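Enquirer: Before I ask anything, let me first share the structure, which is written out below as structure tokens.
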Amino acid sequence: MKSAVETLSPTRAKLTVEVPFEELKPSLDAAYQKIAKQINVPGFRRGKVPPQVIDRQVGRGVVLDEAVNEVLPKAYVEALQENNLTPLAQPDIEVTKFEDNDGLEFTAEVDVKPEIDLPSYEGLEASVDDLAVTDEDVAEQVDALRERFGTLSDVERAVQDGDFVVIDLVATNDGEVVDGAEIAGFSYKVGNGGMIDGLDDALVGMAVDEEKTFTTQLVSGELVGQDVEVKVKVTQVQEQELPELDDDFAQEASEFDTLEELREDVRERLTRGKRLEQAAAARDAVLEALLEKVEVPLPETMVTEELNARRANLEQQLQFSGLTLEKYLEEENQTQEEFEADLERRVRDAVAAQFLLDEIADKEELGVDQGELTQHMIRRAQQSGQDPQEFVNHMFEHNHVPELVQEIRRGKALQLLVEGAEVKDAAGNVLELKNLKADGSIGDPEAEAAEASEEAPEAAAEETTEA
């Protein structure tokens, strides 16, 4: 077999493949055997029909086509390997010549992994915002905890912001009740927002058994974006009483004896969370610093597919949240053009980053063991809300395991980049990222190693005793 490659662009190649007729012989024999098992010819047992009889019964051309269908995928893969090409999509294949006793020629155009001149990626520099936990942040968390331990009591007065009310609500359009827009006995905290535009304004000042009608627009359903009339009736008004902020509250709401200890614990947990956010920002910043050092050719088909996938995912999330794209853009203070430009920029950066991380993973010879693959699949299943075993079975049945392995290798490559980079906050402090734990705390490798070495003899003794 002969093959030649023509570079159509940095990300697209055209293969021209010639397969001599003698190399088609095994596939031709297999085609005769397959067809022999499928036809009934008087005087011959099924599967024992001679080739010359098959030629008369079904035609030589049918047999040749069957042989080509078998050999062509194998020849295509062999040609890719011979020319060191990594395909990124299904090829466009065209048979340019095929004659009996004269061999097969075909071309295959396909998007391929671009060749990248990998720049130096050691000692990358990046910066992120300062890690800041304010007294206001701590107070907000403590107040949220107070609300969990608050009590509600009925009041005989008009509704105020922050009250809890029980309401009946119905939306109508042209006098007809809107499907799914009628509820009774619904508990709602005034001022929460996010339910129906205009509801909070309507409720403030209302008394028990009072009704009020206002006009608004629905954000989901068949009448999304249209004006509807909403009638709301208050059936109960309750005021929330919060516990005093003192040591007694700390003892009731936590394992701490004093309010000061509770506040310090809240501050520590917020700090850990902020540290994880800062680490995520550092990863993005380091990757961006690498992207600025190299130009990565991108296959437009791959970019378009990723753009469409992200748009569809966003639309699904907005629909689940009861928002339209127009409302989302309004809240984000973005125009449609700005949104599309930002989305395309992020997609192109993401695709380029994949290619770069793959190159680094190959260069560093980063591997994946079975334990890492198992843990990765469990995390993916949890993130998607699926049963882990069902997720694993699906990945194996549909041959998605290589994709998961590549995800892990990219993660390792990114970790290598970040640990070798110098990342500073706005104040100029170098971030401690190498020893950052999953809970946001900073580990001490030497202390952990010493502890592990102390525990090893005890563990060995326990195993010996059990044996």
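The values are calculated or read from the model by the stated rules, or taken from the named source; none is laboratory data. Please read these numbers as outputs of a predicted model, since none were measured by experiment. For neighbour counting, all protein chains shown are included, and Cβ atoms are generated from backbone atoms with ideal geometry for every residue, glycine included. Heads up: the accessible areas ignore ligands, DNA and RNA and are worked out on the full protein's heavy atoms, side chains in. Shrake-Rupley method; radii C 1.70, N 1.55, O 1.52, S 1.80 Å.
Enquirer: How much accessible area per residue does the range 1-158 have, counting only protein heavy atoms and a probe of 1.4 Å, in square angstrom? Write down the numbers at each step before the final one.
Expert: Working: 9700 Å² over 158 residues.
That works out to 61 Å² for each residue.
Enquirer: Take the cross-link list 189/274; 274/434; 2/74; 412/437 and give me the ones stretching past 18 Å between alpha-carbons. Display every interim value, and only then the final one.
Expert: Details: 189/274 29 Å; 274/434 16 Å; 2/74 13 Å; 412/437 15 Å.
Flagged as over cut-off: 189/274.
Enquirer: Here's a follow-up. Would you work out the relative contact order for the range 186-274, in percent, from Cα pairs under 8 angstrom that are 6 or more residues apart?
Expert: Computed value for the range 186-274: 17 percent relative contact order.
Enquirer: Sorted from largest down, what three extents in whole angstroms do the Cα atoms of the chain have along their principal axes?
Expert: 100, 73, 57
Enquirer: Still on this structure: Accessible area of the chain with a 1.4 Å probe: how many percent of it is carbon plus sulfur?
Expert: Numbers: 12750 of 28620 Å².
On the chain, the fraction of accessible area on carbon and sulfur atoms equals 45 percent.
Enquirer: Give the whole-number value, in cubic angstrom per residue, of the convex hull volume spanned by the C-alpha atoms of the range 92-248.
Expert: Numbers: hull volume 55.6 nm³, N = 157.
So the per-residue Cα hull volume is 354 Å³.
Enquirer: Taking the Cα centre as origin and putting +1 on Lys and Arg beta-carbons and -1 on Asp and Glu beta-carbons, what dipole magnitude results for the chain, to the nearest 20 debye?
Expert: Result for the chain is approximately 3540 debye, rounded to the nearest 20.
Enquirer: Please give the FRET efficiency for residue 248 paired with residue 132, using the beta carbon to beta carbon distance and R0 = 30 Å, rounded to the nearest 0.05. Don't skip to the end; give the middle numbers.
Expert: Details: r = 31 Å, r/R0 = 1.03.
Once rounded, the FRET efficiency stands at 0.45.
Enquirer: Give me the extension gain from residue 146 to residue 328: residue separation times 0.36 nm, minus the current Cα-Cα distance, reported in nm with one decimal.
Expert: Full extension of this stretch gives 62.3 nm more.
Enquirer: Let me ask something additional. Net charge within 15 Å of residue 46 by Cβ-Cβ distance, Lys/Arg positive one each and Asp/Glu negative one each, not counting residue 46 itself?
Expert: Surrounding charge for residue 46 is +4.
Enquirer: Further, regarding this structure: Return one whole number: the accessible area per residue of the range 259-452 in Å², for a 1.4 Å probe. Intermediate values should be presented prior to the final figure.
Expert: Details: 11820 Å² over 194 residues.
Heavy-atom accessible area per residue stands at 61 Å².
Enquirer: Sticking with this one: The range 61-112 to the range 303-379: how many Å between their Cα centroids?
Expert: Measuring centre to centre over Cα atoms gives 34 Å.
Enquirer: Please compute the net charge surrounding residue 227, taking Lys and Arg as +1 and Asp and Glu as -1 over other residues with Cβ under 12 Å from its Cβ. All intermediate terms of the calculation are to be shown ahead of the outcome.
Expert: On the way: positive: none; negative: 174, 197, 229.
Once positives and negatives cancel, what remains is -3.
Enquirer: Quick one: if the Förster radius is 25 Å, what FRET efficiency do residue 376 and residue 349 give, using the C-beta to C-beta distance and rounding to 0.05? List each step's numbers first, then the result.
Expert: Working: r = 23 Å, r/R0 = 0.93.
FRET efficiency, residue 376 to residue 349: 0.60.
Enquirer: Sum -39500 (n - 2.57) across every DSSP H segment of at least 4 residues in the chain, then divide by the residue count to get the 222 nm mean residue ellipticity, nearest 500. Present the calculation step by step, with values, prior to reporting the outcome.
Expert: Working: 14 runs with 228 residues, N = 467.
Computed mean residue ellipticity for the chain: -16000 deg cm²/dmol.
Enquirer: Mean separation of Cα pairs under 8 Å and 6+ residues apart, divided by the residue count of the range 2-111: what relative contact order is that in percent? Display every interim value, and only then the final one.
Expert: Working: 145 pairs, mean separation 39.5, N = 110.
After rounding, I find 36 percent.
Enquirer: Need one number for the range 35-132: average projected area of the convex hull over its C-alpha atoms, nm².
Expert: Details: hull surface 53.8 nm².
Reported value for the Cα convex hull: 13.5 nm².
Enquirer: Projecting each Cα onto the charge dipole of the range 151-241 (Lys/Arg +1, Asp/Glu -1 at the beta carbon, about the Cα centre), which of 230, 170, 155 comes out farthest on the positive side?
Expert: 155
Enquirer: Distances longer than 25 Å among the Cα atoms of the range 259-452: what percent of all pairs is that?
Expert: Values: 10427 of 18721 pairs.
In whole percent, the share of Cα-Cα pairs in the range 259-452 beyond 25 Å is 56.
Enquirer: Please compute the modelled spin-label separation between residue 65 and residue 39, points set 7 Å along Cα→Cβ, answer in nm with one decimal.
Expert: Result: 1.3 nm between the two label points.
Enquirer: Once R0 is set to 35 Å, what does the formula 1/(1 + (r/R0)^6) return for the Cβ-Cβ distance between residue 301 and residue 337, expressed as a FRET efficiency to the nearest 0.05? Mind dumping the intermediate values first?
Expert: Working: r = 23 Å, r/R0 = 0.67.
For R0 = 35 Å, the calculated efficiency reads 0.90.
Enquirer: Just by accessible area at a 1.4 angstrom probe, what is the order of 117, 358 from largest to smallest? If you can, show how the numbers build up before the last one.
Expert: Working: 117 140, 358 10 Å².
Listed by decreasing accessible area, they come as 117, 358.
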